[in-house]
Every structure is written in structure tokens, then in C-alpha cells.
Amino acid sequence: MDFSDFYETFFEEAEELLADMERHLLELDLESPDPEQLNAIFRAAHSIKGGAGTFGFDVLQQTTHLFENLLDHTRRGELALRRDIVDTFLETKDMLNDQLDAYRQGGEPDPEAFERICKVLQQIALDEMGQGLEGAGGAAPEATAPQAPAEAPAAEPRPEPPAESVPPAAPAPAEGANLVVALLKVGDKDRELLIEELGHLGEIKGQGGDAERYEVSLATESDRDEIEAVMCFIVEAEQVEVREASAPQPSASAEAETTPPAAVAPAKAADSAKPAAKPAAKPKAAAKGGETTSIRVPVNKVDQIINLVGELIITQSMLDQTVSELDNVSNGALVNGMSLLQRNARDLQESVMSIRMVPMDYVFSRFPRLVRDLAKKLDKDVELVTEGESTELDKSLTERIIDPLTHLVRNSLDHGIESPEAREAAGKPRTGRLTLSAQHQGGNILIEVIDDGAGLNRDKLLAKARENGLSVSDAMSDDEVWQLIFAPGFSTAQEVSDVSGRGVGMDVVKRNIQEMGGHVEILSRPGQGTTTRIVLPLTLAILDGMSIKVGGEVFILPLSAVLESLQPRQEDLYAMAGDDVVLKVRDEYLPVVAVHQALDVAGACTEPTQCIAVIVQGEGRRYALLVDDLLGQQQVVVKNLETNYRKVPGVSAATILGDGSVALILDIAGLHRLNQSKQQVGYEQRRHAPTHHLPQTEKEVEPS
């Protein structure tokens, strides 16, 4: 049988199992480990081992076999957990990840790493229990020529159940069969598919039963793990039981008291001197008819559907604009139909977009291990708290936010949270607190990294900025000083280490977040800690925008960036050195950006007092954009301009309007930089001219 079609499914499921394994290992209470968590870790290793054996991934199978045996001893109370043992288990989990990646890339795992981790696991068994790992022959397997591990110990024979407890429809094992596969509460279609798969794995000697329990007698050379791995691609593990044909069928009462064989490998009877592990919880009933409640769909297929829905929305907008020009009385049916189409299209759009939304737990679950390992390296005690794990974000953004968050977390642990001694001297608990939180805020998601450390040192930052040649002044606000840490090459670390000190990272954090259409803010109080706040759009595919008109062109402003609009008054406009103009809005001086000047749009309003000033925010700063008119708010489908044309300064993307025309979506901060560069060129040209006069209609003020 060709299993190559199932490879990707196995890789994805194995990754999920390894992630669950790491989470449970990190949550274990070493003094009193939860039996349910130990069972879950064991089941994850057992499932990966079965799948690896089925696909012929020998190195992965052997590693998980050795690991599984240690976990089995642990859950039965024969191996006492310590921090260093859990560290080794986590290291093994990382090794399994590496092996999985190697097979995924079509290669073979590193033989030296494989040999080393096997010896480490063997040594734990020898040191802690005075014996080698069962099935390993007392020595680490050869990495260069891996051999299949010995079979797991056979299950203890179960007592013969009363005759009346055996389902009458279940047949006795057929002569010549060596395995009996029981299908529990499996629907007819899935049962037919499973029986067909079993036929590929051996010769079916007999079958029969009912909807509750259907048994197939099989003569095969495959072992139980291989059978279970294949079956679990179609149904849940709890719906499959595999036993030797010579073993008696379990009674209904026995089934209720034991863990299903598909989920947990048969364990030997625990030593009477050891405390017995608590039985695993009874699995939940499978969905009716064996139907699964979810399906796996490649991301590119979802993206294709989203693009098609976007095109549908654009077409609907075109039709809507055409219908709006018709007489409502004589075309009432058409108008009503368009209204219904608009509502259905919007519902379809929201439903499709929700497919790409994943909870922030997908991101946050990666950090407990990082915080644990880094705190240990820095000799600090740190407690990680996560809030808002169920908050949803577009999957494409969750993938891209992981690296920036990793930089911020490392910075908080290294620079923010003090050593236990320093915290104690400052009257704080010895254990620092790092909080990762996420919440929806309008059409955005707000992600915060909060530590209760020493906070940012204003004087130290200013001194370092001057040392680096940055233009700073003591009159700068705290917010402006905090933003200095995002300058390229800026670092306050006293020495370079593998954690920090090279001045790379924070500038990349800011740039990456800006490329996602977001911005980053910093709040800090000396001695109390620092909060880094990231604001991102919920998705990059759909944008709530404000349509503006400049000359004969229509542009889109991200609605999340728009704060207010007003008519500038002459007395509120001030000329700065050069050609810079600022607008005073409630005691705050905002840089004025004339959109027509920045983008070279002809026929636009040139007198500031005759224009409309739209107050917007970008990269943590506020600006006043001068436009001709505000056309209204609308949802637009975002089209990547670089993919379809090229990168345009001051523009982040494009969209197609209802009349079929293309409108550019403006990049607020980029527009300001573009405007400044053009003003600088004009100022230099006029400075070398015979005369130069500042505008008489505006007051001149010295730059702060």
C-alpha cells in the first residue's frame, strides 16, 4: 500500500501531538504530577511511534519507542520526576521535532544527534531504575543502521467475561487470524473504507457485528501499532481496538474500566510496592455515525476562495453603483434584488474570512518553553501569564507576529525583569511576572507584552542615543524617548551575549509590524515595568476604509488610522524652518501633509484653510492630511500593489471601486516621509535662489 498520500496528514498531526506534549511537560507539578497529564504525554509518544512505524520512519520510531518506555515507567510511578529529567524529556521532544522536519524535507535525521539522545534516555533508565530501557537491548540503537525496536510487552490476559456480556453479533476469531480489529460506533461508510484498508494490510478471515461493535479477523504481518495508525487516519483512536486473535474479547464492564488500546499501549502490571497510576478518564463518545466535526484544508485553497469572494464583492459594488443611478419606482424589483445580493455577499464574505481566523493561543502556546529556558539561562525566576488566548486573528498574521513577539519577550526577560536579588532589594517578589494579552479593539487586535521589571531609564536612553549620533534633546516627551529603542543598532546592553546586545531586533520588530499594517507603542514607568503594545488589523484581505478625494483622484485611508476631521483655521497654522507647516489641535502641534503635494496630484486644493484636515495616526504619531473632500466609509478588498505593479512610496496597497476604477490605499507614515523628502528638495532649491520668503499668511515659529 502506498502511504505517501498520508504523509502530510501524519506530519501535521505529529506536530500537534508534540506541541501538546510540550505543554503538558511544562505544566507538570514535579511534587505531585497529574496522572491525566502523564497519560496524555505517553499517548502522544505512542501515537507518533505508531505512525512512524507505518511510514517506515525508523529513526523517529526508535526514538519515540525509547521515550515511550521511560514515560510508561513515569506514569506508573516507577520513575520519579525531577527538573533535570523534565529538561531531558523536553530535549527529546525537540529532537523528535527535528527528526520530523528531516523526514518532511525528504531527508534522514542527523545520526549523531539520534545516537546521543538514545544514550541519554538509556542513561536515565540505568541511573534511576538500574536497568536499560525495555526493548532496547540495554544499549543505544545504532544511528547509522537503525533497527526496528522489539515489540511492546504483551498485555496481561484478561479474565474471561460472562457469556451474556459478549455482544451476540460479534463473531469468534476466524481460524488462521492472528489479529482481531474491533470498530466501535463507526458509521457504515467509514466501516466500508476501514475494511478496505485492512484488506490491503493482510487477509480478512472473517467479519461481523453491529453498529456498536464490528469485528474483523485479520491474518497480517503488520503489528498492532501499524494497524492503529492506519485506522486513525479515518476514525478517532477511541473507535478502534486491536487484540491478538487468541486473546478473549473484553467485556463491556472491562471496557469501561480500562483505557482503549488504540489510545494507550498495554502496560505491564505495576509493581505492588509502587503507587498505581490513576486510570485514564473515559473517552468521550464519538460523533454520531463516526462523522468527524472538522476537516483539513490547505491554506492555498482557502486563499483562493477568499480571492474569489473578494472579486464577487467588487462585482457586486459595480452592480450596486449602476443600479443606484436607475429610477427606484420603475426598477423596484431590481433594486430589492440588489439589496438582497449585497446582504448575502456581505454574509458570505464574513463567513469565508472567519475560516482564516485562528485563536491567539496558536501564538501564545510557543512562549512557555521559551520563557522557561531563557529564565533558567539568565538565573531569573519568571512567571508567564497569558490572557485572551481565544481572541482570533488572521492566520497569515499569526505566522508573522511570532518573530516580533519573540524579540519582545526576550527583551523583557533580559532587560526588563530584574534578578531575584535585585527585586527583593527593591521590595518586589523574587519571581517576576510577564504577561501576554490579546483583545479585540474595534476592527483591530491589541497585543500587549507586559513585565513588572525596572522599566526604561530615560537618562540612559538619551545618553546612549547621543553616543550613537542620534538627534535628541532633553525636551523630548517620554513617548518619543521610548521610541528610541526601535532605532537601528540601538542597544543599552553592557555586553554582547547570545540573548541580546547587538542592537538588532527591535528595529526589525517595528518594521515587521508596520508591514502588517500595524503600529507599536511603549508605555513605561521606572521601577514598575514596561508595556509594549502592538495594534494590528484583524485581517489583511478586507479593509474598512475612508474614501477621500484629492483633485480628480480617489484615495482610501485605513479607517482605523482616522481620528477626526476638521476645517483648518488660519490662526492655527504655523510655519516651521524650511517648508514644514504644523497645525495646532487642542494644544498639540501636528505635522501637515498636503496629499496633493506628496503624490503630485493636479487640480487639488492648495490653500490649507479651504481644504479639509483629516487627523490620522501612523507609527505612533499623529498627522494632519489636507484633502479636498470626504466621500464616505466603505469596506474594500485589498490588492497587493507590489505583486501586480511595483512598490509606490506613500502607498500600501490598492483596491477596485464600484465603478471599476483603481483607488490607492495610503500609507500614513510613508506619506509623511515622502512629503518631507519633497519639501526638503524644494527648500534646498529655493535656499540657493536669490531671495526666499516664508508664507506671509502663516506665523513663523522656531522648531522645538
Enumerate by residue number the trypsin sites (Lys or Arg not before Pro) in the stretch 579-625 meeting two conditions: DSSP loop (anything except H, G, I, E, B), and at most 10 other Cβ atoms within 10 Å of the site's Cβ. 586
By the gyration tensor of its Cα atoms, with a ≥ b ≥ c the square roots of the eigenvalues, what is the shape of the stretch 378-426: rounded for a/c under 1.5, prolate for a/b over b/c, or oblate? prolate
Given R₀ = 41 Å, FRET efficiency for residue 128-residue 212 by Cβ-Cβ distance, to 0.05? 0.40
Find how many whole Å separate the alpha carbon centroid of the stretch 501-568 from the alpha carbon centroid of the stretch 375-453. 21
Each label sits 7 Å from Cα toward the beta-carbon; between residue 385 and residue 635 the label points are separated, in nm, by 3.6
In 5 Å bins starting at zero, report the fraction of Cα pairs in the stretch 299-356 per bin as a rounded %. 4, 19, 25, 18, 13, 10, 7, 4, 1, 0
Under a Cβ-Cβ cut-off of 10 Å, what is the net charge of the residues other than residue 359 that fall near it, where Lys and Arg count +1 and Asp and Glu count -1? -3
Give me the distance in nm between label points sitting 7 Å out from Cα along the Cα-to-Cβ direction at residue 328 and residue 246, one decimal. 8.6
I need the P(r) histogram for the stretch 359-537: all alpha carbon pairs, bin width 10 Å from 0 out to the longest distance, whole percents. 9, 37, 37, 15, 1
Using a Förster distance of 22 Å, the FRET efficiency for residue 621-residue 528 (Cβ separation, nearest 0.05): 0.30
Chain lengthening between residue 303 and residue 589 when straightened (0.36 nm per residue, less Cα-Cα): 98.6 nm
Which of the peptides 39-50, 652-663, 209-220 is most tightly packed, and how do the rest follow, going by the mean number of other Cβ atoms within 10 Å of each residue? 39-50, 209-220, 652-663
Ranking 623, 7 by Cβ neighbours within 10 Å, fewest first, what do you get? 7, 623
Which of 384, 71 has the fewest other C-beta atoms within 10 Å, and how do the rest follow up to the most? 384, 71
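Read-outs throughout are calculated quantities, based only on the coordinates presented, and are distinct from any laboratory measurement. Source: prediction; values computed, not measured. All Cβ positions, even for glycine, are placed from backbone atoms using ideal geometry, and neighbour counts span all protein chains on display.
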